[in-house]
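Asker: Here it is, the structure in full.
The values are calculated or read from the model by the stated rules, or taken from the named source; none is laboratory data. Fair warning: this is a prediction, and the values are worked out from it, not measured in the lab. Here the Cβ positions follow ideal geometry from the backbone for every residue, glycine too, while neighbour counts run over all protein chains shown.
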Amino acid sequence: MIKFSDIKIGDYLHAEYEGKMWDGEVVNLNGDEKQVCVQTEVQEFWFETEHLFPIELSEDALLKLNFKKQVNEDGSVKYMKGSFRIVTPVAGDLSHMEMWYREDRRHNPDVHFVHQLQNQYLDMTKIHLTDEPM
């Protein structure tokens, strides 16, 4: 489950309906009812937050978001999308990272899920992170 206050329009989430999981994008929020409208491959559905789950942040997830990967000589890995950078000291381990955009640098931000990365990216760049290539 994800807290309603952590969700922003444009975030990618897993949504569960009648035992089936759907991947989708948040397209609307209803703050009064604490409901989230998610666009799935079928159509838009409204969900309560107890039926919404985060997408684990992984290398695969970063590549789906169209980050470019660069393996450095010291074993660290840099993921790049435009001017935004994420560096991990060990390949495949996103538990420790540094991210930066221009002069804004963040060391080990609390980012474990795709929607958290999207929200950090939005905070730093003022543009929402999508899977569109740059």
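Asker: Only one residue in Asn108, Asn30, Asn72 is free of Cβ contacts under 8 Å to residues at least 60 places away in the same chain and at positive phi, so which one is that?
Answerer: Just one listed residue meets the conditions, Asn108.
Asker: Report yes if Asp123 is loosely packed, with under 15 Cβ neighbours inside 10 Å, in contact with a strand residue (DSSP E or B) (Cβ under 9 Å, 6 or more places away or on another chain) and in a helix (DSSP H, G or I), otherwise no.
Answerer: yes
Asker: Which of the residues that make up the stretch 4-35 are of a type outside the set (A, V, I, L, M, F, W, C), touching a helix residue (DSSP H, G or I) at 6+ places or on another chain (Cβ under 9 Å) and over 18 Å from Leu122 (Cα atoms)?
Answerer: Within the stretch 4-35, Glu16, Tyr17, Gly31, Lys34, Gln35 meet the criteria.
Asker: Of all the residues that make up the stretch 64-83, how many are over 19 Å from Pro54 (Cβ atoms) and either out of contact with any Lys or Arg (no Cβ under 9 Å at 6 or more places or on another chain) or part of a loop (DSSP other than H, G, I, E, B) (or both)?
Answerer: 8
Asker: While we're on this one: Considering the stretch 84-105 alone, what residues qualify as being of a type outside the set (Val, Ile, Thr), assigned to a strand (DSSP E or B) and free of Cβ contacts under 8 Å to residues at least 40 places away in the same chain?
Answerer: Of everything in the stretch 84-105, those that are of a type outside the set (Val, Ile, Thr), assigned to a strand (DSSP E or B) and free of Cβ contacts under 8 Å to residues at least 40 places away in the same chain turn out to be Arg85, Glu98, Met99, Trp100, Tyr101, Asp104, Arg105.
Asker: Do we find that Val38 is closer than 15 Å to Asp6 by Cβ and touching a helix residue (DSSP H, G or I) at 6+ places or on another chain (Cβ under 7 Å) in this structure?
Answerer: no
Asker: Select from the stretch 12-43 the residues that are in a strand (DSSP E or B) and either assigned by TED's automatic domain parsing to the domain that holds Gln120 or over 19 Å from the mean Cα position of the chain (by Cα) (or both) and list them in ascending order.
Answerer: Answer for the stretch 12-43, where residues must be in a strand (DSSP E or B) and either assigned by TED's automatic domain parsing to the domain that holds Gln120 or over 19 Å from the mean Cα position of the chain (by Cα) (or both): Tyr17, Lys20, Asn30, Gln35.
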